[in-house]
Each structure stands twice: as C-alpha cells, then as structure tokens.
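The values are calculated or read from the model by the stated rules, or taken from the named source; none is laboratory data. In this text the structure is predicted, and so the values were computed from the model without any measurement. Because the Cβ atoms are built from the backbone with ideal geometry, glycine has one as well, and the counts that use them run over all protein chains shown. To get the accessible areas, we keep the full protein, side chains included, count just its heavy atoms, and leave off ligands, DNA and RNA. Shrake-Rupley method; radii C 1.70, N 1.55, O 1.52, S 1.80 Å.
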Amino acid sequence: MNLPDPSAVTRTAILGTGLIGASWAALFLSRGLHVHAIDPAESAETRLRDTVTEMWPNLVALGHADAPPDFAKLTFAAAPGAELAEVELVQENAPEKLDLKRALLSEIEAWLSPSAVIASSTSALLIGDIQSQARHPGRCIAAHPFNPPHILPLVELSGGPETDDAVLDWAMSFYVAMGKKPVRLRRQIEGHIAGRLGAAMWREAVSLVELGVASVADIDAAVRFGPGPRWAVAGCHMVYHMGGGAGGIGHYLAHLGDSQERRWSSLGTPRLDATLRDRITKGVEEEAGQCSVAELAAERDRRLVEMLRLVGE
C-alpha cells in the first residue's frame with residue numbers, strides 16, 4: 001500500500017456519529033483535520049455539532065485546542081459518497097453487528113482510495129471477521145478507543161489474518177500524532193486488553209455483591225480510593241514490581257505468588273440472573289443519588305481532565 005505520511009494526514013471520515021464517533025470527530029478537529037461525518041440518523045448532523053461543542057472545553061483544558069471548533073472543516077452526509085475519495089483514514093463506529101459492519105465496509109470501499117486506512121472502533125468483534133469480505137482487507141485494522149476517546153489517551157490496535165503489518169505500523173504513528181497512546185496487540189482477541197481487564201475486575205465486583213460482602217457503593221469506593229489512583233500512574237504488573245521492594249517482581253512472585261494463586265482460585269463466577277441484576281441496579285442508583293447519567297459523565301470528564309493534566313505522560 002502507498003500510505004501517506006501519518007503525521008501529515010489532513011482528511012478523515014467518521015462512520016457513525018454516536019457518542020464514540022462524535023468523540024473521535026472532536027479529537028480529529030482539534031488536531032486541525034478535515035472530518036467528513038456519515039450517519040443516516042435523523043438530526044444526526046445537528047446532534048454531532050452540539051456534542052462536539054460540549055466536548056470542546058475539555059480538549060482546550062488538555063491543551064489539544066486553543067480556539068473554538070472550526071466547523072468549516074466538518075462536512076456531513078447521510079450515506080457514503082464521492083467525498084470519501086480524498087479521505088486518508090476512516091474511523092468506523094457503527095453498532096456492534098458483524099453483518100452491518102461488513103456491509104458498511106463494502107459500501108465505503110466503493111468510494112475510497114485503495115491507500116485509505118479503515119480503522120474500526122469495535123469493542124467486541126474481531127477485526128478478522130470484519131475484514132473477511134473487504135475488497136482490500138490488508139488496510140483494515142481495529143483501533144479501539146477507551147471512552148471517552150477525546151479525553152483518554154488509550155487506543156488499542158490489532159490486525160486480522162489479512163491485515164498488512166505496514167498498516168499497523170502506520171496506525172501507531174498516526175494515533176501518536178493525534179495525541180493518543182496506542183498499544184499494539186500481537187494477535188486479535190475479543191475485548192482487546194483493557195476491556196478484558198475491566199471485565200475481569202467487574203466480574204469480581206459483581207461477585208462481591210452476590211456474596212453480600214459489601215454494598216455497591218463501598219465496592220466502588222474501594223476501587224476509587226485504593227487501586228484506582230495507583231493504576232493511574234503504574235500498570236498492574238508494575239504495581240506488583242514495586243510491591244516486591246528492592247527485589248522487585250521476582251521477589252514478589254517468589255514469596256507471594258502462591259498466595260495470588262489461592263486468591264485467584266477463590267474468585268467468583270456470578271450469573272447475572274434477575275435477582276442479581278436488580279441488586280446491582282438498586283445499588284448503583286443509590287450510589288448515584290439524584291445525579292443523572294449526563295451529570296455523572298460530565299463530572300467524570302472534568303476529573304479525568306484534571307488527573308491527566310496532573311500525571312501527564
């Protein structure tokens with residue numbers, strides 16, 4: 001593939017402008033890129049502009065933007081068309097339905113240059129399955145962001161059996177140029193890295209509710225005021241490395257590895273039956289109090305921005 005300079009990309013497309021797509025659009029606009037958004041939903045263009053405007057102050061606070069969004073660089077269409085001919089990267093954010101994603105790829109490939117990269121934000125599907133019917137499967141990758149993408153740096157990159165390694169190399173550089181922190185999976189896997197880690201922790205949090213160990217609020221507090229802040233400055237392996245003292249992770253594993261295995265063997269495998277779902281729902285609602293989901297998300301974003309500005313790279 002004749003790929004462009006990843007730091008010189010000027011034209012992108014956003015396929016699907018829900019929360020994740022809008023967040024990508026805001027980020028790309030903050031980097032001065034032209035964004036062509038595609039979404040068939042009624043009033044999607046108005047909703048996208050409003051959402052980007054709402055997201056913009058956090059981009060300014062993070063230093064990604066110093067002026068209002070330039071909506072002259074945002075174009076919109078209800079369906080793929082000739083505007084895609086000059087696009088260098090498509091960020092696909094369609095619902096997690098394999099047949100839908102395959103059909104959309106087929107539709108946009110009729111308009112795209114063969115050198116344009118297609119990046120799927122898929123959180124649960126395998127890029128190998130998505131690319132399997134593509135005209136140019138080598139340019140298809142998964143580029144899974146961590147929500148909200150315009151604030152959190154993580155993007156998880158993986159390829160399928162037919163992905164060109166040079167495209168993944170290119171994508172690593174492109175997302176760095178976008179201010180992201182990309183990680184590259186050596187092979188595709190459902191849920192990528194962060195999603196699987198999050199699922200493992202939440203499974204145990206749900207089990208603790210099921211066992212009656214603590215309230216939903218206290219379980220969340222245990223994460224927020226214990227490992228949560230620590231994970232903001234060191235990953236789980238590095239945390240245990242420092243926990244091993246001067247001997248590091250080798251010392252920790254030699255002396256406490258067996259106790260970790262015993263703890264793993266006692267972890268729960270809860271079933272989300274109606275009773276447990278009701279207990280979790282009621283517990284979360286009690287923890288949220290009178291705050292709406294939108295209010296909670298806004299406060300989350302404000303605190304994330306403050307934290308990222310503090311910890312930096």
Exercise. In whole percent, what relative contact order does the stretch 83-233 give with Cα contacts below 8 Å and a gap of six or more residues?
Worked result: 17
For this session: Post the alpha-carbon centroid distance, the stretch 27-92 to the stretch 155-227, in whole angstrom.
Result: 25
Seminar exercise, completed: Note to self: with every protein chain in place and a 1.4 Å probe, the stretch 116-161 gives an accessible area per residue in Å² of 27
Exercise. Helix 44-61 sits at what angle to the longest principal axis of the chain, using alpha carbons and giving 0 to 90 degrees rounded to 10?
Worked result: 60
Exercise. Within the stretch 11-184, what percent of beta bridges assigned by DSSP are antiparallel, to the nearest 5?
Worked result: 15
For this session: Quick one: angle between helix 194-210 and the longest Cα principal axis of the chain, in degrees between 0 and 90, rounded to 10, please.
Result: 40
Exercise. In the stretch 48-140, which trypsin sites (Lys or Arg not before Pro) are in a loop and have at most 16 other Cβ atoms within 10 Å, using DSSP for the loop call?
Worked result: Lys97, Arg135
Exercise. What percentage of the solvent-accessible surface of the stretch 11-184, computed with a 1.4 Å probe over protein heavy atoms, is contributed by carbon and sulfur atoms?
Worked result: 54
For this session: State to the nearest 20 debye the size of the charge dipole of the chain about its Cα centre, where the only charges are +1 on K and R beta carbons and -1 on D and E beta carbons.
Result: 660
For this session: From the P(r) of the stretch 35-120, can you give the percent of Cα pairs sitting at distances over 22 Å?
Result: 36
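Over the chain, what is the relative contact order in percent, taking alpha-carbon pairs closer than 8 angstrom and at least six residues apart?
14
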For this session: Calculate the tail of P(r) for the chain: the fraction of all Cα-Cα distances greater than 28 Å, expressed in %.
Result: 47
Exercise. Under a plain spin-label model, where a point goes 7 Å from the Cα along Cα-to-Cβ, how far apart in nm are Trp202 and Glu96?
Worked result: 0.8
Seminar exercise, completed: Once the dipole of the stretch 37-136 is set up from charges on Cβ (+1 Lys and Arg, -1 Asp and Glu), the residue from the list Ala61, Ala94, Phe76 lying farthest towards its positive end is Ala94
Exercise. Carbon and sulfur atoms: what percent of the 1.4 Å accessible area of the stretch 194-311 do they account for?
Worked result: 60
Exercise. DSSP beta bridges in the chain, what fraction antiparallel, as a percent rounded to 5?
Worked result: 15
For this session: Compute the distribution of all C-alpha to C-alpha distances in the stretch 29-69, in bins of 10 Å from 0, and list the percent of pairs in each, rounded to whole numbers.
Result: 27, 50, 21, 2
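Would you mind working out the accessible area per residue for the stretch 1-48, using a 1.4 Å probe, and quoting it in Å²?
Values: 1840 Å² over 48 residues.
Averaged over the residues of the stretch 1-48, the accessible area is 38 Å².
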Exercise. Who wins for biggest fluctuation among Met201, Met172, Met55 in a Gaussian network model of the chain, springs between alpha carbons below 10 Å?
Worked result: Met201
Problem set entry | Label point at Glu54 placed 7 Å out along Cα→Cβ; residues across the stretch 66-101 whose backbone nitrogen lies under 18 Å | 69
For this session: Round to the nearest 10 and give me the degree value, 0 to 90, for the angle of helix 248-265's Cα axis relative to the longest principal axis of the chain.
Result: 80
Exercise. Peptides 75-87, 228-240, 4-16: what's the order by average Cβ count within 10 Å, highest mean first?
Worked result: 4-16, 75-87, 228-240
For this session: Give me the accessible area per residue for the stretch 166-237, probe 1.4 Å, as a whole number in Å².
Result: 60
